[in-house]
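The values are calculated or read from the model by the stated rules, or taken from the named source; none is laboratory data. Because the structure is a prediction, the values reported are computed rather than measured. Neighbour counts run over all protein chains shown; Cβ positions are idealised from the backbone, glycine included. The accessibility values were calculated without ligands, DNA or RNA, using every heavy atom of the protein model including side chains. Shrake-Rupley method; radii C 1.70, N 1.55, O 1.52, S 1.80 Å.
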Amino acid sequence: MADAGEPEGPERKDDIVKAKQEGKELTKEEKQRLRKEKKQQKKSKEKKDDKPSRDSEKEKKPASAASPAPQTPTQPPAQKAPSAAPAPVPVPASETPSAADKPAKSKAELKAERRARQEAERASKGKKGDVGPQAAPGKPKAPPSELQPVVKRLPEHVQVDNPEVLKKLAKKLERQQTPEYNAATKVKIPLRSDYGYKVSLFSHLHQYSRKAPLTQQLGIPSTVIHPAIVRLGLQYSQGIVAGSNARSVALLHAFKQVIRDYTTPPNEELSRDLVNRLKPYISFLNQCRPLSASMGNAIKYIKKEISNIPSQCKEEEAKRKLLNCIDCYINEKIVLAAKAIAKYSIEKISDGDVILVYGCSSLVNHILCEAFEKNRKFRVIVVDSRPRLEGREALRRLVQKGINCTYVLISAVSYILPEVSKVFLGAHALLANGYVMSRVGTSQIALVAKAFNVPVLVCCETYKFCERVQTDSFVSNELDDPDDLIVTRTGTTQLEHWQEVPSLGLLNLVYDVTPPDFVDLVITDLGMIPCTSVPVVLRVKNVDQ
Amino acid sequence: MELQAVLMAAGGGSRMTDLTYNTPKAMLPVGNKPLMWYPLNLLERMGFEEVIVITTKEVQKMMSTDPKMKLDVKMKLDVVCIQEDGDMGTADALRHIQQKIKTDILVVSCDLITDVALHEVVDLFRAHNATLAMLMSKAHEFTETVPGQKGKKKTAEQRDFVGVDQSGKRLLFMANEADLEDGLSIRKSIMRKHPRMHIKTGLVDAHLYCLKKAVVDFLADNKSISSIRGELVPYLVRKQFSKTTNCPKIKDDAEDQNQKKNDEPHGRQNPLKLCECFIISTPNSPLLQLAQDRSCWNDHRGDMSEAYHGGKLRCYVHIMDEGPCYRVNTLAAYIEANRLAPKLFEEVPVHPSAVISERCQMGSDSYIGAMCQIADKTSIKRSTIGNSTTVKEKVKVANSIIMHGVTIEEGCNIQGSVICSNAVIGRGADLKYCLVGNGQQIEPEGKDHWHEHTP
């Protein structure tokens, strides 16, 4: 422990003054530790309030705290610079077993172990400015006990109006430099700037303009980011690839190309280097358009598959395995899932039905086309909304098949609902508390349908299930380009100069959440489940993996 | 690698032979920099690191000795020399370097001076997976009088008719007036797919093309196409809507994707010429097709067809509304470019190594090159003076372009003229709107108006 501690002294932000007194420092620390342990033992015996722990904390402050340690694993792993040292990897892994072993080992030993690991971690990472400000508010909250639950914070990509978070994001992007072969030219991924006035309730979210693509700031023959990813990012930001399933499939297709073109640099392992290679691509795509829940799950799956590749596997074989995995994933989770869902849904569609659909969901369209081919007699009412007007595309696909369709805008939904017998909705994601996240307007339709006692069926594949919990549409959403709301009718564009009016803000929301009370059934590839069973499915999925 | 840049610098400058009979067009000085420096600078600023330069041996020699090229151009230039006899068209040149081309290419002509944001053109190419993406600009009126030409010549016969769709990005129709003898005819299939078409005539083709690699392979097999601008681009634009391209056999349906994967060599299955298949049969990988099917996006509305009408061959154009974009292929354009190009790059008006006496009156619009010697009592207004030029006393130079190595003796009066390299203007000569060729000598006390002095 002494050996590990010595070079680490100057690294700690708070210990810059004591840098020269390294030898004495350690003995001081040891003394402090002993003091702390005694106090803790007293505290646990007497079960008093945390006044003595606060004192011990103040003593601990100059020596830096154990509190950053539980915080560091909660920071997104992407922040850790790619390091060859094995030190950072075992730290989060060993945190959990250390907590479990608590009754077995004594507190002192555990603390000493953790301290040593922390120092080794710091040595390999270099200076970490973000630990400082985050540790400061964290310290009074987390007393020295390890069993204190980790304080979960709002994810960084949501806190757009907090300048500190923005600075951190810029630094993170800088650090996510693609390792070039000569390692001399490290180009950073540019930060896309927000556009226009944001409505105050949503000022914590990003709002980008379609006319200012991220490619403006990149060099033209993109060497930093793989061309397939640049193309994909462009297609996302211009809306050419839209829809949860389409985006996931396109993402996996681009990753296949990246894997095909990848060569392991010397002295590196494919399982680690490829994951690090993918990180800047993912942040690039995130800036072009925020990632969807389905894309997030797909990325998690790929990263897991890559890290599970044994190190003795040859590169060609590893690549082939990965490409195969991706194909299997798409086949299982998207194509076959769609078939299974269609099979279940057709049982629910009876002859003479009037089915209402909203917007353009690839899954719902697929179900209706399949049902039509199985000779069910029904007609469809397509409800559409501005500014995307996706219903037109759904209308086109259904009419092309020969299905009898009606088209209305969402303002007419309460007029036509008396005619409707069922409502089929697609979902962008299903949250862990049973809420359905879908295109903005879906919750309206579900609400009105509930008022008319019309059954609402949501169709969603299991790979879109996400562990997030949300009860409102404000905390986490996506803001689209506000200029989409501007329309030119008979030669005049009313909102053309909306930016000059100081009290006017244009809001173009993309998603909203529907509470489970309005949803009667969720049709997934695992079967037909009520909305409240979503956490069960998630638990089962985690156990499987 | 995403894009390879190809610079076409072997052109002969056939529309300004007075200037180019001695100096090749690529090395004509514009604002005291060789003409080909401008597109190279554009490519360098955009982030290219390597450029394939197709040129003649003469230009290559001049390039290696020119200080501007050596110092300022940091990219790696892969120079390919071709014969100077002028029979090789731009497409022929591409065919010549087919072996070097490994990815999609960006073809630029050496006479393009512009500051366009290149990502606008390349983004169209990337986002829509286009076969061709090109740059065009609204034509600017030339305001300067051209020496050697009395009055303004109107060239109305060589208009280009360009048809774009409603969004202004998709290229639907392109033809030169010379090819349309009976009038403009548009096929019904195009009108059915794109009922609203805007036809523009006042556009200048910047000769900047992004082409897919498949097109270069197609050129290799199709030896009849020799010019990109004249033949290849109209061919591709026409082929977007040809029936054979959009034959339902080639369209990938979601159901028989797996079958299509096995039918790789489409050419053998369809009654098409083998060469045409290269462009058309870029079969979408099944995943990409799946993504496109599931995506709720369409580039048009109102009819029953899918995105892009199922067409695999797409041509896009980016039309620049504002900003400079010049093709220096005529004398008028050359003069205009000389006037405006230095402003684009914020050139230092006087090169540090020029020796200018204090009693010289220099307007702010003038640019003096390196190693010049300007004597007393001279007045230089709105002119460009090249490197190593000597201007003696009492000379008035206005609205003129003076190239390198020129000697102007005392008392001359030069207005609105172009003096090529190494010319000598004798004492007291009075030149108005003249064009003096390379190495010419004007006698002292000569009075010339609207003359061209060329051997």
Sole miss for residue A:463 among (1) touching a strand residue (DSSP E or B) at 6+ places or on another chain (Cβ under 9 Å); (2) over 26 Å from residue A:193 (Cα atoms) is condition (1)
Considering only residues that are under 22 Å from residue B:38 (Cβ atoms) and either free of Cβ contacts under 8 Å to residues at least 12 places away in the same chain or away from every other protein chain (no Cβ under 12 Å) (or both), which ones fall in the stretch B:112-132? B:112, B:113, B:114, B:115, B:117
Go over the candidates A:313, A:328 one by one and state the one that is surrounded by fewer than 17 Cβ atoms within 10 Å (Cβ to Cβ) and more than 14 Å from every other protein chain (Cβ to nearest Cβ). A:313
Filtered residues of the stretch A:367-377 (kept if touching a strand residue (DSSP E or B) at 6+ places or on another chain (Cβ under 9 Å) and either modelled with pLDDT under 95 or open to solvent by 20 Å² or more (accessible area, probe 1.4 Å) (or both)): A:372, A:376, A:377
Looking at (1) open to solvent by less than 50 Å² (accessible area, probe 1.4 Å); (2) more than 12 Å from every other protein chain (Cβ to nearest Cβ), find the lone condition where residue B:105 falls short. (2)
List every residue pair whose Cβ atoms sit under 8 Å apart, with the two residues 6 or more apart in sequence or on different chains, where the first one lies in the stretch B:303-314 and is at negative phi and the second, anywhere, is part of a loop (DSSP other than H, G, I, E, B) and of a type in the set (Asp, Glu). B:307/B:299
Restricting to the stretch A:241-260, name every residue that is more than 18 Å from residue A:293 (Cα to Cα), without any contact (Cβ under 8 Å) to a residue 40 or more places away in the chain and either open to solvent by 20 Å² or more (accessible area, probe 1.4 Å) or facing another protein chain (nearest Cβ under 9 Å) (or both). A:257
Hits in the stretch A:189-220 - residues which are open to solvent by less than 40 Å² (accessible area, probe 1.4 Å), within 30 Å of residue A:262 (Cα to Cα) and in contact with a Pro (Cβ under 8 Å, 6 or more places away or on another chain): A:189, A:214, A:218
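Here's the yes/no breakdown for (1) among the hydroxyl-bearing types (Ser, Thr, Tyr); (2) touching a helix residue (DSSP H, G or I) at 6+ places or on another chain (Cβ under 7 Å):
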| residue | (1), (2) |
| --- | --- |
| A:212 | no, no |
| A:215 | yes, yes |
| A:221 | no, no |
| A:228 | no, yes |
| A:234 | no, yes |
| A:237 | yes, yes |
| A:242 | no, no |
| A:247 | no, yes |
| A:256 | no, yes |
Residue selected from the stretch A:221-240 under the condition over 25 Å from residue B:299 (Cα atoms) and at the interface with chain B (Cβ under 9 Å from one of its Cβ atoms), by the criterion most open to solvent (accessible area, probe 1.4 Å): A:223
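Here's the yes/no breakdown for (1) of a type in the set (Phe, Trp, Tyr); (2) open to solvent by 20 Å² or more (accessible area, probe 1.4 Å); (3) under 32 Å from the mean Cα position of the chain (by Cα):
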{"site": "B:285", "(1), (2), (3)": "no, yes, no"}
{"site": "B:292", "(1), (2), (3)": "no, yes, no"}
{"site": "B:301", "(1), (2), (3)": "no, yes, no"}
{"site": "B:314", "(1), (2), (3)": "no, yes, yes"}
{"site": "B:317", "(1), (2), (3)": "no, no, yes"}
{"site": "B:321", "(1), (2), (3)": "no, yes, yes"}
{"site": "B:328", "(1), (2), (3)": "no, no, yes"}
{"site": "B:334", "(1), (2), (3)": "yes, no, yes"}
{"site": "B:337", "(1), (2), (3)": "no, no, yes"}
So, in the stretch B:5-50, how many residues would count as being in contact with a helix residue (DSSP H, G or I) (Cβ under 8 Å, 6 or more places away or on another chain), within 13 Å of chain A (Cβ to nearest Cβ) and either more than 30 Å from residue B:350 (Cβ to Cβ) or open to solvent by less than 20 Å² (accessible area, probe 1.4 Å) (or both)? 2
Name the residues in the stretch A:441-456 that are outside any loop (DSSP other than H, G, I, E, B) and open to solvent by 10 Å² or more (accessible area, probe 1.4 Å), would you? A:443, A:444, A:447, A:448, A:450, A:451
Within the stretch A:406-425, residues part of a strand (DSSP E or B) and either more than 14 Å from every other protein chain (Cβ to nearest Cβ) or more than 13 Å from residue A:360 (Cβ to Cβ) (or both) come out as A:406, A:408, A:409, A:422, A:423, A:424, A:425
Restrict the check to the stretch A:346-363 and report whether at least one residue is surrounded by fewer than 19 Cβ atoms within 10 Å (Cβ to Cβ) and either closer than 29 Å to residue A:485 by Cα or within 13 Å of chain B (Cβ to nearest Cβ) (or both). no
Could you figure out which of (1) more than 30 Å from residue A:541 (Cα to Cα); (2) assigned to a loop (DSSP other than H, G, I, E, B); (3) in contact with a Leu (Cβ under 7 Å, 6 or more places away or on another chain) isn't true of residue A:467? (1)
Would you check which residues across the stretch A:265-292 are open to solvent by 20 Å² or more (accessible area, probe 1.4 Å), assigned to a helix (DSSP H, G or I) and closer than 30 Å to residue A:512 by Cα and list them? A:279, A:282, A:286
Per the filter on the stretch B:294-332, residues over 20 Å from residue B:211 (Cα atoms), hydrophobic (A, V, I, L, M, F, W, C) and more than 10 Å from chain A (Cβ to nearest Cβ) are B:325, B:328, B:331, B:332
Given the condition in contact with a strand residue (DSSP E or B) (Cβ under 6 Å, 6 or more places away or on another chain) and open to solvent by 80 Å² or more (accessible area, probe 1.4 Å), answer yes or no: does some residue in the stretch A:391-398 qualify? no
Against the condition within 14 Å of chain B (Cβ to nearest Cβ), touching a residue at least 12 places away in the same chain (Cβ under 8 Å) and either in contact with a Cys (Cβ under 9 Å, 6 or more places away or on another chain) or farther than 25 Å from residue A:533 by Cβ (or both), how does residue A:401 come out, does it pass? yes
Those residues of the stretch A:457-473 which are surrounded by 20 or more Cβ atoms within 10 Å (Cβ to Cβ) and either within 16 Å of residue A:359 (Cβ to Cβ) or among the charged types (D, E, K, R) (or both) amount to A:457, A:458, A:459, A:460, A:461, A:464
Residue identified as in contact with a Cys (Cβ under 9 Å, 6 or more places away or on another chain) and part of a loop (DSSP other than H, G, I, E, B) among A:242, A:246: A:242
